[in-house]
Structure formats: structure tokens, C-alpha cells
1. Only one of (1) over 21 Å from residue B:121 (Cβ atoms); (2) surrounded by 16 or more Cβ atoms within 10 Å (Cβ to Cβ); (3) not β-branched (Val, Ile, Thr) is not met by residue B:46, so which one is it?
2. Hey, can you tell me all the residues within the stretch B:2-22 that are surrounded by 14 or more Cβ atoms within 10 Å (Cβ to Cβ) and modelled with pLDDT of 90 or more?
3. So, in the stretch B:105-119, how many residues would count as being touching a residue at least 40 places away in the same chain (Cβ under 8 Å) and surrounded by fewer than 24 Cβ atoms within 10 Å (Cβ to Cβ)?
4. Just to be sure, is residue A:229 closer than 26 Å to residue A:58 by Cβ and assigned to a strand (DSSP E or B)?
5. Just to verify a result, which residue in the stretch B:141-170, among those that are part of a loop (DSSP other than H, G, I, E, B) and buried (at least 19 other Cβ atoms within 10 Å of the Cβ), is nearest to the other protein chains (Cβ to nearest Cβ)?
6. When the stretch B:184-199 is examined, which residues are found to be more than 9 Å from chain A (Cβ to nearest Cβ) and either among the small types (Gly, Ala, Ser) or loosely packed, with under 14 Cβ neighbours inside 10 Å (or both)?
7. For the stretch A:245-268, which residues satisfy the criterion of being outside any loop (DSSP other than H, G, I, E, B) and among the aliphatic types (A, V, I, L, M)?
8. Considering each of A:227, A:288, A:247 in turn, give the residue that is surrounded by fewer than 21 Cβ atoms within 10 Å (Cβ to Cβ), more than 13 Å from every other protein chain (Cβ to nearest Cβ) and among the aliphatic types (A, V, I, L, M).
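The values are calculated or read from the model by the stated rules, or taken from the named source; none is laboratory data. Since the structure is predicted, the reported quantities are computational estimates derived from the model, not experimental observations. Positions of Cβ are generated from backbone atoms using ideal geometry, with glycine treated the same way; all protein chains shown enter the neighbour counts.
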Amino acid sequence: MISYAECSARERLARVFDAGSFHEWLPPSARVSSPHLAVLGVPSAFDDGVAIGRAMLDGREVFVAAQEGEFMGGGVGEVHGAKLVGLLRRALRDRPTAVLLLAESGGVRLHEANAGLIAVSEVMRAVLDVRAAGTPVIVLIGGSNGCFGGMGIVARCADHVVMSDIGRLGMSGPEVIEASHGVEEFDSRDRALVWRTTGGKHRWLSGDCDALVEDDVAAFRAAAIDAMLMSRPVTVARLEAEHALLARRQALLDEPVADSDDAVTLWTRLGVTDADRVADADVDRVRALRPAASIEGVEG
Amino acid sequence: MNWKDLAVALFGTDHGLHGIAADGDFLHGTVVFDGRPLTVIGTTHHAPIGVRLALAQAHAVLETIRRHPGRPILLLIDTQGQQLRRRDELLGINRAMAHLGMTIDAARRGGHRVLGVVYDQALSGGFITSGLIADACDALPEAEIRVMRIPAMARVTKLPEVMLTELSKANPVFAPGVDNYVAMGGVRRLWRGDLAACLREALADAPTRDERARDGADRGGRRLAADVITRVLDAA
């Protein structure tokens, strides 16, 4: 078993896809890097923190991108974002079997904030274009930086989300929330609380990811193979079902239970049995606990 | 600009509050513009966009798609960004915001013209699933657009606040300001003078394809994005 979290972006590409099949576009040798970092005295990377290209997955051609969390937390800058947009537009033109985004990102790279913000919105539009064309977009989340900010939104624009239990998916990181509203709002050092709030188990139980896997590159590969033929076109009916689900879910916390953890309260009200034991349960066990209410109307 | 003043400037004083109602920070209604109905959806008071406000806006978009096929939608944008609360994270704020963005995108694809206008302030997460995913986003010249306040940015990037303040005066990629967003293609144009004429023009020529990277290159504010996209398309 090889930890997905501990792999670099390129190691993930090498191990999730068929051996030796990854062919990179704009590789580091092309030196397409950010022009905005030097002025800040910050080192740049020759791939701007994302590797893109084509690969084979179980014998089928797919287009792939992997964000490198070690470089600026996987933050999306002008070039990084444009590489993702280029990949997605190429998928729209060439129609591979699927597009797989190995996401690890804190969202917009603040060092080039405006360009990054616009770039993420371009990625969103491009993802939805590819999805509308019937090519599945699959997001894999299991890096130690999680998938946050604009990339957390992009993930939920995709057809399919695969997470490991140690993966995290959300909008604002715990440090940002703590800095804004204090440690009593969100104690970013309380690791159990952080994972209950945005971790893979919670996202699985609440239906925010479609597959929950172990922190193992082979498990991610298997889940990606399972997902790559599953196109889920965005229809108005699907959006209405999604809306109803999110509205129902939000109402579940209208009256929180005093002295009880919000996550446990939410899981219990969704119908999870033994919700207070989720934290200690292994992935197999948690996989069996997802209640029907978490995916009602939006499955398939 | 106050949203009510904007509404008067755009739609005149004939219709009371123009059919736009404020429910807390949420604005919603139908107005008649040039003799045709127009759905107005937005936020005010620099609202933080949490799950509840994202769903309220999404609901209004879905209702327009369902009941009024083809009716144009105007998004009035004034937000301080996403709601920074633990409970919103727990409830999947990123999913709710994606849902809002996807309803707007579905409206676009379904033949509704969707136009955003930043009339006061727009920040990061509150902007990305509204104006930035519309057919086009315009702004008033006095509006403010940015990702994060400089002190918070200094904390996160661990760069000196003085340095960031200095850089923000000149660097369009970094500095807050609507002019920079225009230069980068994120905002299509600024509304000056006769605002109703600006809206009329914006509805008439809103692009249906995403041309922002090209605009950013043409205007010199985002020199690399369009070129990188082309290089990826052409790579061997």
C-alpha cells in the first residue's frame, strides 16, 4: 500500500494511471512558470505547480492534471489556471474518455490574487463545458493540503468526486476561519474537529463525495476506473434535486443540540447510526454507514 | 452605490421599488426593462455568502429557468466574500456555491442572458459563483473588487504588509480595483453616465463564450493566460 497523500503530483500520475502512459503537455523543460512571483521574492516552479497531459487508465485515453501541494499549497495562479483551462478545452475538442483532476489546492494563489480568481472561474466554466459535452470530469482528493477555496467549488462542479478519509474538501480552511471569527468558532489545531468538518468521512456520509477510499494510490486508481464512464449531465431536474437536498440538509442544523458536536448532530439527523463512533471507524465501516437521505434524488 | 439608487437609475421611479424586494441581505424581483421582464437577483450590505444566501440566489435562478424560459437575469453584486463560519463548512458551503454557479451556468446554456454588475464590492468566493460565471460581468467605476484585504493577505502569504501595500499600487495581477479587473478581462466594462443605456448595451452584446483570457491579453492586464491555453491546445 502506497500512501496517496505522501506522493508528489507526478508520483500520483505515475501510479494512478497505466504504467508509463503519462505524456505531459508544457512539461518543466518548457519552463512555463509564473512571471508574478519574482517581484515578491518568491521562488517559481517550471510547471507552476501543476502537471497536465494525457494518460491511459485501464487501457482508455484520459486527460489528466495533478496539482503539486508542495508548491504554494497548490494555489491557482495565472499560468497554473490557464494550464487547467487549456487541458479542459482540449478535452472538449479531442473527447477523451474522461478528464481526471488530481486536486490539491488551497484555492486562489494570493500572490497573484486577481489573476488566480479569474482563472478559477475560467476553470469552472471549462469544467461545465466538458461535462455538458458528455465527457465525465472526475476529481480525486487525498493530498495533505486538501481541496479548498475556488478548487473546492470546482470539485463540486465535476461529475464525480473521489476522496480518501484523510482528504479534506471545503471552502475556507480552519486557520482562515479561526483568524476571522476566533478560536471558539473554529479551533484549527483540533484535528478531530477539522476532519469532522471537512474530512473524507464527513463528505462521504453527507453525500459530498461519490466514493470514499483508503489513502492508497491503488484504491484511487480503482475508484477512478469505476468512475470514468459515468457521465452525469447537468439537467434542470438534477439541479432541482440538488437544491432540495441542500435545503433539507441545511435545515437539519437549524436547531443544534447544546453541548453536542455539530457534525455528530448532522450525521445523526441524516440517519447515520452510531454517529458518535464514526471518528474511530475504518473506511470500510464508514462506507456502509451512508444514509439514503444523503444522496436522495441526486444519485446516479 | 446603494442598490435602490442603482434601481432608480436603471429602471426609473415609476414602479415604486421596481418589484425588487430585500429580504435581509438578499435582493430579488422582476422589473420591466425596455418593455421586457428582467429577473433581478442579488445581495446587499456587503453580504457574506453562506449556504443560506447561496441557496436563496440559486432558488431564484431555478425559478426563472422553470417559469420564464429565456428571460434575462441581472445579478446585482455586493458581497464581502464567502461566509467564514465552521457550520457553513460543515454544511458544504463549497457545494452550495457550486450549485449556485451551476444554476447560473444552466440558465446561460438554456438561452437566458445572464449579466452581473458589481455595484458596490465583490470579493473572492462571493464573486466567483455569481458575476464571474455569468455571460459577462460589468462594474460601476466606484465599485471595489479584490480577493482579500491586504492585512489578511500578508498573514497568509507571510509577506510584509508594507511590501504588499506598495505592490498593490501598480500591479494589476495583485492590486484591488475594478480597473485592474477590466485590464485582466474579468470585468468586461465599466458603466459610466447613463446607466440604463449601459445595461441595454450590456444585455445586447453579452458574449456567450468565455472570452476573458483573450480580453486580458488584448488589454495587457493578463498577458500569459490566453497564450498558455493556446500552447496546451497545440502541444504535441
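1. Just one mismatch for residue B:46, condition (1).
2. B:3, B:4, B:6, B:7, B:8, B:9, B:10, B:11, B:20, B:22
3. Of the residues in the stretch B:105-119, 7 are touching a residue at least 40 places away in the same chain (Cβ under 8 Å) and surrounded by fewer than 24 Cβ atoms within 10 Å (Cβ to Cβ).
4. Judged against the criteria, residue A:229 is not a match.
5. B:147
6. B:192, B:193, B:194, B:196, B:197
7. A:245, A:246, A:247, A:251, A:263, A:264, A:266
8. None of the other options fit; the residue is A:288.
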